[in-house]
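Enquirer: Pasting a structure here, questions to come.
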Amino acid sequence: MTKRVDAIVVGGGIHGCSTALHLCLAGVKPVLIEKDYAGRHASGVNAGGVRQLARHIPEIPLSIRSMGIWEKITELVDDDCSFESHGQVLVAENEDELASYRARVAELNGLGFTHEELIDAAELRRLVPAVADTCPGGVVSRRDGAANPAQTTTAFRRKAEQLGATVLEGVAATNVRQNGGLWHVDVGTESYAAPVLVNAAGAWAGKIAAALGEPVPVETVAPMLMITSRVPHFIDPVVILRGRKLSFKQFKNGTVLIGGGHLATPYQDRNETVLDWKSLAISARTVFELFPVMRSATIVRAWAGIEAKMKDDLPVFGPSARHKGLYHQFGFSLHGFQLGPGAGAVMAELIVNGGTQTRVSDLGIDRFHPSAL
Amino acid sequence: MTMAPKREAYDVVVIGAGPAGLAAAATSAEAGLSTLLLDENIGPGGQVFRAIASTPVTERAQLGADYWMGADLVQALRASSAEVIQRATVWSLDRNLEIGVSIGSASAFARARRVILATGALERPFPIPGWTLPGVMTAGAAQTMLKSSGLVPDGRTVIAGQGPLLWLLAAQILRLGGRIDHILDTTERGNYFAALPHALAFLTSPYFAKGLSMMREVRAKVQVISGVTELAAAGDGQLASVSYVAGGKRETIPADLLLLHQGVVPNVNLAMAAGVEHRWDELQLCWSPVLDASGTSSVAGIAIAGDGAGIGGATAAVVRGRIAARAAVEALAPAAAAKLAPMATLRTDLAKAERGRAFLDTLFRPAKQFRIPAGDTIVCRCEEVTAKDILDAVAIGATGPNQLKAYRRTGMGPCQGRLCGLTVTELMAQARAKSPQEIGYYRLRAPVKPITLAELAAVPKSEDDVKAVVRG
């Protein structure tokens with residue numbers, strides 16, 4: 001039997017859950033279909049960075065919109081998501097890097113964005129006392145911070161359900177098709193039909209788009225992270241190094257998360273990843289050199305989440321270029337977590353109002369396909 | 001001395017030098033395969049034969065004849081060409097059969113064509129009120145001290161729980177002059193009836209005579225209280241007393257040391273992290289790997305032998321080690337297999353060694369009240385999460401152990417779920433009216449044993465690594 005609903009969201013990551021929640025707030029009751037469980041992949045196991053810092057310019061408006069929601073996250077989802085705002089700092093390891101950051105901040109200021117601020121060695125030392133003496137400065141985004149990704153995605157899922165969304169977990173959406181002006185999706189033995197379909201299936205979204213005639217240059221990747229045992233508090237902001245691929249964050253409980261984008265091998269069909277310990281050893285060595293206080297910490301666990309990375313590192317966000325009622329929200333390319341709350345709000349506006357005040361036009365799937373609509 | 005593996009790749013890497021690992025490595029090397037045995041203890045033997053090559057206990061009867069069987073296994077291994085590295089902590093194994101190991105204070109990697117996991121068993125968690133108090137420890141920990149250092153308790157000592165190892169430990173403590181005031185036997189009365197159908201096999205197994213004489217020996221010296229329920233430890237920052245109900249009466253006895261034991265379960269962490277499929281075992285109430293008759297797992301190239309394959313005891317472990325090694329030899333060097341004991345003989349040996357096991361499993365099946373705690377009893381020691389905390393999380397939407405991490409961080413501490421995993425699965429299964437199989441287990445991740453950042457940073461650099469780090 002086919003159940004008629006207001007909208008179908010495929011994918012229970014932070015994006016699918018946020019869109020489902022915001023649709024409910026706008027009076028649209030969706031069904032959300034997740035083949036595993038909400039937050040099983042990248043959304044639940046990423047570094048939790050809530051970062052406007054060092055973003056690609058086309059996604060900055062969405063990131064700023066999202067930041068406003070993060071700062072009132074408890075009001076939205078009745079859960080603080082362990083969000084903490086101690087800033088994020090991009091460390092320059094030498095004068096050349098600092099010069100390129102100076103140019104970047106000037107470019108942003110020229111565009112009217114003021115969230116990134118160039119800092120000198122003294123301010124860097126004040127924010128990150130443990131950093132090596134040789135670093136000449138960096139960039140800070142002071143409102144940035146970090147949250148607990150699994151807690152956050154779970155909170156969005158829970159709140160969406162409370163507001164009237166139907167959340168189906170452990171069942172895959174199959175046989176996606178358009179028929180009589182409605183989108184139809186099979187879920188096990190049942191079918192759902194709705195005028196609106198949101199493709200927020202993360203690493204699995206490229207296949208859905210391709211099957212609907214909108215192939216995009218996307219690959220599946222699995223960035224690795226590791227976490228240490230508790231060490232005495234020594235750092236507040238999230239620290240990012242660009243040259244040596246490192247991100248670094250100490251949580252309130254003392255544990256330290258080490259990331260930076262080294263990749264595991266994903267086995268998407270098995271929901272599995274095989275870690276590359278030789279690359280993790282490089283991260284360990286970088287931390288060893290930059291933060292002597294960390295040398296005796298133990299590594300408790302390492303993992304990688306499966307996600308989609310676009311060739312141009314920008315998400316695919318907005319209406320389909322081919323089909324009415326189809327919306328894409330995927331390909332966040334290792335930096336989608338912070339965007340989740342804002343992207344759900346904007347997506348709901350696109351669906352319900354047909355437009356939004358937040359500039360997202362550079363993120364559309366039409367950058368790969370001339371619009372046929 | 002730090003000793004990294006001599007080669008980058010081996011035909012067979014055996015992990016764990018208990019009964020199964022010792023037998024597997026010796027068999028594989030004897031057939032001419034390049035064999036590496038990695039073991040995290042300072043000497044071979046595992047838990048059953050702990051300190052077999054170094055124990056200060058010299059009077060053989062004190063540790064029992066079964067213990068000294070380990071000496072023969074060690075001798076056979078040392079006579080073979082197997083490379084053996086002690087104090088080698090394997091912290092990673094993946095489906096490509098890449099092994100990450102920490103030796104001395106540096107990490108090393110080795111590759112294998114076949115891996116035989118012989119990581120043995122762990123004591124089942126025994127979550128009662130007060131089990132985290134100083135002065136409460138596991139019987140296994142007490143046995144480790146006894147074997148490696150000859151140390152036995154001298155304060156007021158209570159042993160509580162059930163299972164063959166509990167009686168063995170009690171006998172060993174008494175023989176070495178240690179003190180035991182009470183044994184609180186938690187075996188459920190109904191188990192005696194349930195075990196009856198298996199009694200014949202047990203009566204004709206080697207366990208029977210040994211077990212009976214050991215229990216008689218202990219009962220002659222210690223007051224044993226049967227049918228114990230509602231066990232709890234209490235004290236202000238240190239164990240002071242143990243209380244329980246027996247024969248419908250609550251008793252409280254003063255104690256300085258409480259040793260808890262309710263059986264052992266397979267140590268599955270490394271196998272699970274490697275992606276090996278496991279199933280819930282309804283009789284042994286634990287996760288066991290899905291294996292074929294030669295111990296081969298769902299991951300190509302990985303076999304599991306010994307108690308890690310399902311609890312079977314030391315004698316069965318030795319045979320399972322030989323079977324897994326023989327299967328590896330058959331696959332990699334079929335001609336060499338002729339040197340080894342035929343598979344049919346090994347399978348007969350195994351059937352003999354496993355005789356009586358069903359009786360023990362049924363008789364000593366731990367009671368629900370000691371597996372599934374309630375209220376303020378701590379479940380996750382690393383993050384201090386209580387049974388009530390977990391039920392609260394279930395009530396607001398946590399559906400399984402992995403989802404629970406988002407609410408309570410259970411299983412995310414240094415023990416990697418070893419002390420809480422089974423409890424969490426059964427507690428959530430009960431709360432959600434599902435089977436443990438449906439509820440599932442933590443997704444385990446390397447490093448399965450914590451390694452220091454410095455150890456990992458000390459991984460030798462390959463040329464590609466150097467290129468990746470050098471900038472400009």
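Enquirer: Which three lengths, in whole Å and largest first, does segment B:372-439 cover when its Cα atoms are put on their principal axes?
Expert: 29, 22, 20
Enquirer: Something else now. Whenever you get a sec, compute what percent of the accessible area on chain B sits on carbon and sulfur atoms (1.4 Å probe).
Expert: 54 percent
Enquirer: If the only charges are +1 at each Lys and Arg Cβ and -1 at each Asp and Glu Cβ, what is the size of the charge dipole of chain B around the Cα centre, to the nearest 20 debye?
Expert: Value, rounded to 20: 340 debye.
Enquirer: With no solvent and one point on each alpha carbon, what is the Debye value of log10 I(q)/I(0) for segment B:259-382 at q = 0.09, 0.11 Å⁻¹?
Expert: Summing over Cα pairs of segment B:259-382 leads to -0.32, -0.46.
Enquirer: What is the Rg over Rh value, at two decimals, for segment B:222-301, using alpha-carbon atoms and the Kirkwood definition of Rh?
Expert: Ratio of gyration radius to Kirkwood radius: 1.21.
Enquirer: Can you give me the Kirkwood hydrodynamic radius for chain A, using every pair of distinct Cα atoms, in Å to one decimal?
Expert: 21.1 Å
Enquirer: Turning to a different aspect of this structure: Would you kindly find the accessible area of B:CYS382, with a 1.4 Å probe and non-protein molecules such as ligands, DNA and RNA excluded, rounding to the nearest 10 Å²?
Expert: Ignoring ligands and nucleic acids, B:CYS382 comes out at about 50 Å².
Enquirer: Separate question: Within the set of other residues whose C-beta is less than 9 Å from the C-beta of A:HIS369, count the net charge using Lys and Arg as +1 and Asp and Glu as -1.
Expert: Local charge sum for A:HIS369: 0.
Enquirer: Continuing with this model, one more query. Quick one, can you get me the convex hull of the C-alpha atoms of segment B:182-221 expressed as volume per residue in Å³?
Expert: About 68 Å³ per residue, rounded to a whole number.
Enquirer: At what distance in nm do the modelled label points of A:ARG295 and B:GLN430 sit from each other, each positioned 7 Å from its Cα along Cα→Cβ?
Expert: 4.9 nm
Enquirer: If packing is taken as the mean number of other Cβ atoms within 10 Å per residue, what is the order of A:102-113, B:329-340, highest first?
Expert: The peptides rank, most packed first, as B:329-340, A:102-113.
Enquirer: Compute log10 of I(q)/I(0) for segment A:4-146 with the Debye formula, placing one identical point scatterer on every Cα and leaving out solvent, at q = 0.12, 0.13 Å⁻¹, to two decimals.
Expert: The Cα Debye sum returns log10 ratios of -0.63, -0.71.
Enquirer: Looking only at other chains, what is the average number of their beta-carbon atoms within 10 angstrom of each beta-carbon in A:279-289?
Expert: What the average comes to for A:279-289 is 6.
Enquirer: As I understand it, the dipole of segment B:372-439 uses +1 on the Cβ of Lys and Arg and -1 on the Cβ of Asp and Glu, about the Cα centre. Which of B:GLY411, B:ALA431, B:ILE396 lies farthest toward its positive end?
Expert: Most positive-ward Cα: B:GLY411.
Enquirer: Right, another one. How large are Rg and Dmax for the protein assembly as shown when only the alpha carbon atoms are used, in Å?
Expert: When restricted to the Cα atoms of the protein assembly as shown, Rg and Dmax are 29.3, 90 Å.
Enquirer: Another one. Using just the helices of chain A, give the 222 nm mean residue ellipticity in deg cm²/dmol: DSSP H runs with n ≥ 4 each add -39,500 (n - 2.57), and the total is spread over all residues, rounded to 500.
Expert: -8500 deg cm²/dmol
Enquirer: Here's a follow-up. In the protein assembly as shown, which Cys residues have no partner Cys with a Cβ closer than 4.7 Å?
Expert: Isolated Cys, the protein assembly as shown: A:CYS17, A:CYS24, A:CYS81, A:CYS135, B:CYS286, B:CYS382, B:CYS415.
Enquirer: Rounded to the nearest 0.05, what FRET efficiency do B:SER81 and B:THR144 give with R0 = 45 Å and r taken as the Cβ-Cβ distance? Could you check?
Expert: 0.90
Enquirer: Next question, about the same structure. Partner chain Cβ atoms within 10 Å, averaged over the residues of A:139-152 - can you pull that number for me?
Expert: Counting other chains' Cβ atoms within 10 Å and averaging over A:139-152 gives 1.
Enquirer: For chain A, which whole percent of the accessible surface, found with a 1.4 angstrom probe, sits on carbon and sulfur atoms?
Expert: 52 percent
Enquirer: Which percent of Cα-Cα pairs in chain B sits in each 20 Å bin, short to long?
Expert: So the P(r) values, bin by bin, are 23, 57, 19, 1.
Enquirer: Could you tally the net charge around B:GLN223, taking each other residue with its Cβ under 13 Å from the Cβ of B:GLN223, Lys/Arg +1 and Asp/Glu -1?
Expert: Summing Lys/Arg as +1 and Asp/Glu as -1 gives +1.
Enquirer: Also: What is the average number of partner chain Cβ atoms found within 10 Å of a Cβ in B:410-418?
Expert: 2
Enquirer: How large, in Å, is segment B:127-261 by the Kirkwood hydrodynamic radius built from its alpha-carbon pairs?
Expert: When all Cα pairs of segment B:127-261 are included, the Kirkwood radius is 15.6 Å.
Enquirer: Extending each Cα 7 Å along its Cβ direction at B:ASN96 and B:ALA194, get the distance between those two points in nm, one decimal.
Expert: Modelled inter-label distance: 4.5 nm.
Enquirer: May I ask you to evaluate 6.51 cos²θ - 1.76 cosθ + 1.60, the Karplus curve with θ = phi - 60°, for each residue of segment A:277-294 and list the ³J(HN,Hα) values in order in whole Hz, giving x for glycine and proline?
Expert: Once rounded to whole Hz, the list reads 5, 5, 6, 5, 5, 5, 4, 4, 5, 4, 4, 4, 6, 7, 10, x, 4, 8.
Enquirer: Same structure, new question: Quick one: compute the contact order of segment B:372-439, relative version, from alpha carbon pairs under 8 angstrom and 6+ residues apart, as a percent.
Expert: Once divided by the residue count of segment B:372-439, the mean separation gives 33 percent.
Enquirer: Can you tally the lysine pairs in chain B where the Cα-Cα distance is under 29 Å and the two residues are eight or more apart, or on different chains?
Expert: 24
Enquirer: Moving to a separate point now. At R0 = 56 Å, how high is the FRET efficiency between A:ILE57 and B:ALA331 if r is their beta carbon distance? Nearest 0.05 is fine.
Expert: E between A:ILE57 and B:ALA331, to the nearest 0.05, is 0.50.
Enquirer: How large is the accessible surface per residue of segment B:127-261, computed with a 1.4 Å probe and reported in Å² as a whole number?
Expert: I get 45 Å² per residue for segment B:127-261.
Enquirer: Please calculate how many Å² of accessible area segment B:1-115 carries per residue, with a 1.4 Å probe and no DNA, RNA or ligand atoms counted.
Expert: 40 Å²
Enquirer: Kindly flag which residue pairs out of A:LYS252/A:LYS309; A:LYS72/A:LYS245; A:LYS29/A:LYS159 have an alpha-carbon separation exceeding 21 Å in this structure.
Expert: Listed pairs above 21 Å: A:LYS252/A:LYS309; A:LYS72/A:LYS245.
Enquirer: Specify the angular offset, from 0 to 90 degrees and rounded to the nearest 10, of the alpha carbon long axis of helix A:95-111 from the longest principal axis of the alpha carbons in chain A.
Expert: Between helix and principal axis, roughly 40 degrees.
Enquirer: Here is a further query. Would you please give the residues with an amide H less than 5 Å from that of B:THR386, counting only those at least 5 places away or on a separate chain, with H modeled from the backbone geometry?
Expert: Sorted by chain and number, the residues that satisfy this are B:VAL379.
Enquirer: Next up: Pull up the DSSP beta bridges for chain A and report the antiparallel fraction as a percent, rounded to 5.
Expert: 70 percent
Enquirer: Just to verify a number: what accessible area does A:TYR101 come out at with the full protein assembly present, 1.4 Å probe, Å² rounded to tens?
Expert: 10 Å²
Enquirer: Next up: Report the accessible surface area buried between chains B and A, summing both sides, using a 1.4 Å probe on protein heavy atoms only, in Å² rounded to the nearest 100.
Expert: Counting both chains, the buried surface is close to 3500 Å².
Enquirer: Enumerate the residues in segment B:83-108 having an amide nitrogen under 19 Å from the point lying 7 Å beyond the Cα of B:ALA9 toward its Cβ.
Expert: B:83, B:93-101, B:108
Enquirer: Can I ask one more? Regarding segment B:175-325, what is the average projected area of its C-alpha convex hull, in nm²?
Expert: 12.6 nm²
The values are calculated or read from the model by the stated rules, or taken from the named source; none is laboratory data. As the structure is a prediction and not an experimental result, all values here were calculated from the model. Cβ coordinates were reconstructed from backbone atoms using ideal geometry, including for glycine residues, and neighbour counts include every protein chain displayed. SASA here: full protein model, heavy atoms, side chains in, ligands and nucleic acids out. Shrake-Rupley method; radii C 1.70, N 1.55, O 1.52, S 1.80 Å.
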